[in-house]
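The values are calculated or read from the model by the stated rules, or taken from the named source; none is laboratory data. Note that the coordinates shown come from a computational prediction; the quantities given were computed from them, not determined experimentally. Cβ placement follows ideal geometry from the backbone for every residue including glycine, while neighbour counts extend to all protein chains displayed.
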Amino acid sequence: MRIGRLAPVLAAGITATLVPALAPAQASAAEPLGRFTDQTPAWHRCDPSMPAALQCATIKVPLDYSRPDGKTIKLAISRMKTSVPGKRHGVLLFNPGGPGGEGLDMPDMMKDALPRKVRESYDLVGFDPRGVGRSSPLTCGLNETDQNFEHAYRAETFSNDVKWARRVADKCRAKNGDTLRYVTTRNTARDMDVIRTVLGEKKISYLGYSYGTYLGAVYAQMFPKQTDRFVLDSSVDPARVWRGMIQVWAEGTEPAFTRWTKWTAQHDRTYKLGTTPAKVKKTFWDLVARADRTPIVDGDQKVTGDDIRAGVRALFFSPEAAAETVADLKKAADGHAALRRFPAADDRPSPSRFTTRAAQPPADNGTAVFWSVVCGDTAAWPRDPEQYRRDAIRDKAKYPLYGDFGSNITPCAFWDKPTEPVTKVDTNAGLLTVQNQWDSQTPLVSGLGMHHALRGSRMVYVKGGEGHGVYGDDPNSCADRTVNAYLGNGRLPAADVTCKAPARTGSGLSRPLVPAPPFTPGAPRF
């Protein structure tokens, strides 16, 4: 997304008759996947800029698991051996979110967030999911305009939105052919199980953020016997993949906006945006209308009312950050000051810390993978452009801040039909979910959806918690302590846990110990 340094940042396999679950540890070469599960990784130092303890390797996986004797792709994996003999429980695999986020350096980034007892129990394992980073990276040849997915609905521009969606789908298809169809959550889950067998493990434990929660839930659904201690932080609702997860941003923003108007009215002496919630609301919408008539100049950028609605959306989940930004916008519109910083497409985290790569992934890699996954996971996307028009009009009225953005047309309207049906997540595996109350990318209603779908799960709910991503922010917090206990002993809490949010140390929009995936211009992220 477009706001600040958001932290991570959004299916089960082919039926068992086609591709059986991979056998524990030592798979026979006679089995369909034997040539993949029998691989021996050639471990080496990942990068001179990274610690020597972080080792990398490249393995091969099938492009299409229903044809394991066909084309293969590369999968980049990493490992940091931190377990202690006699205390070792297994491996802890990470995913930072996305779809499209690189995870190769996560073991190094997460090691300090884990207490010693947990580190001594696990070797830490990262990987770039298929199509991402060093794992046979996708590109669609998209420019920055192609990558900007946030289109407000307007009758006069809708035909251009349709052309954009078709152009992106056509470019991706032309660049990748059949490969595109196999970059999906279900196949990434299968890749995870190949990683498990290559490492010689009977089970894997897992920590996934945002989109990584859906990936983890899909793995648990596909491979329940290989699922150990799984933590899903800031969850995608599996019943809403994927159009519903973009639309849920609009649904979740409205209560955050209401909360913001109340908070800002209480701080009118500082921000001067209104002494009552109603006045603050009017100030905001008057500002949007003014910017639509006469854009606010920010350097060489012109900020319209639509830009304000899209750009400030996620900030409302942290009232102070939103108040500062809206106050700056108002001063600039009044001609009293220049904008200090308006959230823009380039306001995003730095890419992977592997700074000396021989070849960086293509500039549109994250966006290409995002659309491949969200369009290829499910056939639920409408195919008729007029359906998107009707939905955008309806949702703009229902959710004025973001409804039309969330329901407008996407490249998925013109994507090839998915190779497999969407996964129904309803496993009773004992997973732990973690959720902030005020999360902009996976709002509370989304986290509750995952918790309810995972019938054997427990939820750690941070009441009053702000920001996207919980675990790793504060080692002394109630949430971190609960997660650490579960990773340490494998026992879920007896009941769901409600934690009080720790004192805020900033805007609540970033998590210093949680790695964020590389954001591409305007590309959505979960």
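For the range 461-477, how many residues meet the condition of being surrounded by fewer than 24 Cβ atoms within 10 Å (Cβ to Cβ) and among the aromatic types (Phe, Trp, Tyr)?
Summing the residues that are surrounded by fewer than 24 Cβ atoms within 10 Å (Cβ to Cβ) and among the aromatic types (Phe, Trp, Tyr) in the range 461-477 gives 1.
Would a scan of the range 219-228 turn up a residue that is of a type in the set (Ser, Thr, Tyr), surrounded by 24 or more Cβ atoms within 10 Å (Cβ to Cβ), farther than 28 Å from Trp285 by Cβ and in contact with a helix residue (DSSP H, G or I) (Cβ under 7 Å, 6 or more places away or on another chain)?
Checking the range 219-228: at least one residue is of a type in the set (Ser, Thr, Tyr), surrounded by 24 or more Cβ atoms within 10 Å (Cβ to Cβ), farther than 28 Å from Trp285 by Cβ and in contact with a helix residue (DSSP H, G or I) (Cβ under 7 Å, 6 or more places away or on another chain).
Inside the range 172-187, can you point out the residues that are surrounded by fewer than 19 Cβ atoms within 10 Å (Cβ to Cβ) and either under 21 Å from the mean Cα position of the chain (by Cα) or among the hydrophobic types (A, V, I, L, M, F, W, C) (or both)?
Within the range 172-187, Ala174 is the sole residue that qualifies.
Here's a check for you: in the range 456-473, which residue that is among the charged types (D, E, K, R) and at pLDDT 95 or above is nearest to the chain's Cα centre (by Cα)?
Residue satisfying both the conditions and the ranking: Glu466.
Considering only residues that are over 18 Å from Ala256 (Cβ atoms) and of a type in the set (Gly, Ala, Ser), look in the range 395-415 and name the one that is surrounded by the fewest Cβ atoms within 10 Å (Cβ to Cβ).
Filtering the range 395-415 for residues that are over 18 Å from Ala256 (Cβ atoms) and of a type in the set (Gly, Ala, Ser), the one surrounded by the fewest Cβ atoms within 10 Å (Cβ to Cβ) comes out as Ala397.
Against the definition (charged (D, E, K, R), under 22 Å from Lys203 (Cα atoms) and modelled with pLDDT of 85 or more), how does Asp38 come out, yes or no?
Answer is yes for this residue.
Identify the residue in the range 57-105 that is surrounded by fewer than 24 Cβ atoms within 10 Å (Cβ to Cβ), among the polar types (S, T, N, Q) and not in a loop (DSSP other than H, G, I, E, B) and, among all such residues, is nearest to the chain's Cα centre (by Cα).
Among residues in the range 57-105 that are surrounded by fewer than 24 Cβ atoms within 10 Å (Cβ to Cβ), among the polar types (S, T, N, Q) and not in a loop (DSSP other than H, G, I, E, B), the one nearest to the chain's Cα centre (by Cα) is Thr58.
Looking only at the range 111-135, which residues are under 20 Å from the mean Cα position of the chain (by Cα) and surrounded by fewer than 24 Cβ atoms within 10 Å (Cβ to Cβ)?
Answer for the range 111-135, where residues must be under 20 Å from the mean Cα position of the chain (by Cα) and surrounded by fewer than 24 Cβ atoms within 10 Å (Cβ to Cβ): Ala113, Arg134.
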